[in-house]
Amino acid sequence: MCKIILVLLPALLASPIPAKAALLTMNELPFQPVNELSFSGLTFRISIAGVPSLDANYNATGPGIHTYVQDSVIEGSALGLLELGFATAASELSFGVALNTSPFSHGRLSPGFIVELFDSELDSMGLYPVETNRLNFFSEGQFSHSGKPVSRAVIKFSERVGRFAFDNLEFTSVPEPAAHLLVGIGVAALVFLRRK
């Protein structure tokens, strides 16, 4: 038995670390304020002028059915900054945003919203402006990132709109290599104790 474990240990340590994918459609929890809400490896925060705000709710009614946003949504004041904090850094991230606009506005909002990404050291990875296209009374767009892992994302909405709807949040978390190594160390410790 010990020989089998010792043979398998190097393979376990060399095997790729499995990524964990999640999709939140904003209907997983009951209607509630989103600020400081932690769920599925993610913490939401919203603030207006640097002050935590209750003017954004999970599982709220939004603009209906559109390309990137469908009810249920996170809905709130576009004056707010929406922050996503990941318990484990995400190598892939995407979400849809719809913004309410005047029925007299035409075309797209450029930008409709701006996303700032932060790495695992909480250093900014840059600002990413996203254009949104007008659909009826809403202007809608999607943000996507793939590559360097993100531990935090902050979304700032256009000042030309009153409300935002946020939906279809997809992210893929990559476990820390140290966690994978700990499993190997644990197995090695069991082998050692078994031999004694």
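The values are calculated or read from the model by the stated rules, or taken from the named source; none is laboratory data. Values in this document were obtained by computation on a predicted structure and should not be read as measured data. Glycine gets a Cβ as well: all are built from the backbone with ideal geometry, and neighbour counts include every protein chain shown. Calculation scope for accessible area: heavy atoms of the full protein, side chains included, ligands and nucleic acids excluded. Shrake-Rupley method; radii C 1.70, N 1.55, O 1.52, S 1.80 Å.
Of note:
- Members of region 115-134 that are surrounded by 16 or more Cβ atoms within 10 Å (Cβ to Cβ) and either within 21 Å of A87 (Cα to Cα) or out of contact with any strand residue (DSSP E or B) (no Cβ under 6 Å at 6 or more places or on another chain) (or both): V115, E116, L117, F118, M125, R134
- Region 100-128, residues that are more than 24 Å from K20 (Cβ to Cβ), aliphatic (A, V, I, L, M) and modelled with pLDDT of 95 or more: I114, L127
- Residue count for region 155-174, restricted to those that are hydroxyl-bearing (S, T, Y) and within 19 Å of E28 (Cβ to Cβ): 2
- Some residue of region 107-123 being in contact with a Ser or Thr (Cβ under 6 Å, 6 or more places away or on another chain), farther than 19 Å from V154 by Cβ and not charged (D, E, K, R): no
- Checked against (1) buried (at least 19 other Cβ atoms within 10 Å of the Cβ); (2) under 23 Å from G50 (Cα atoms); (3) more than 11 Å from the chain's Cα centre (by Cα); (4) of a type in the set (A, V, I, L, M, F, W, C), F138 passes all but condition (2).
- Cβ-Cβ under 9 Å pairs, at least 6 apart or on other chains, region 47-58 side on the phi > 0 side of the Ramachandran plot, far side open to solvent by 60 Å² or more (accessible area, probe 1.4 Å) and not hydroxyl-bearing (S, T, Y): A49/L79; G50/L81
- Extreme residue, nearest to M26 (Cα to Cα), among residues of region 141-154 that are of a type in the set (S, T, Y) and open to solvent by 40 Å² or more (accessible area, probe 1.4 Å): S144
To keep it simple, each residue is scored yes or no on (1) more than 11 Å from D167 (Cα to Cα); (2) open to solvent by 50 Å² or more (accessible area, probe 1.4 Å); (3) aliphatic (A, V, I, L, M).
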| site | (1), (2), (3) |
| --- | --- |
| E28 | yes, yes, no |
| F44 | yes, no, no |
| P52 | yes, yes, no |
| Y68 | no, yes, no |
| I74 | no, no, yes |
| S77 | yes, no, no |
| L84 | yes, no, yes |
| E92 | yes, yes, no |
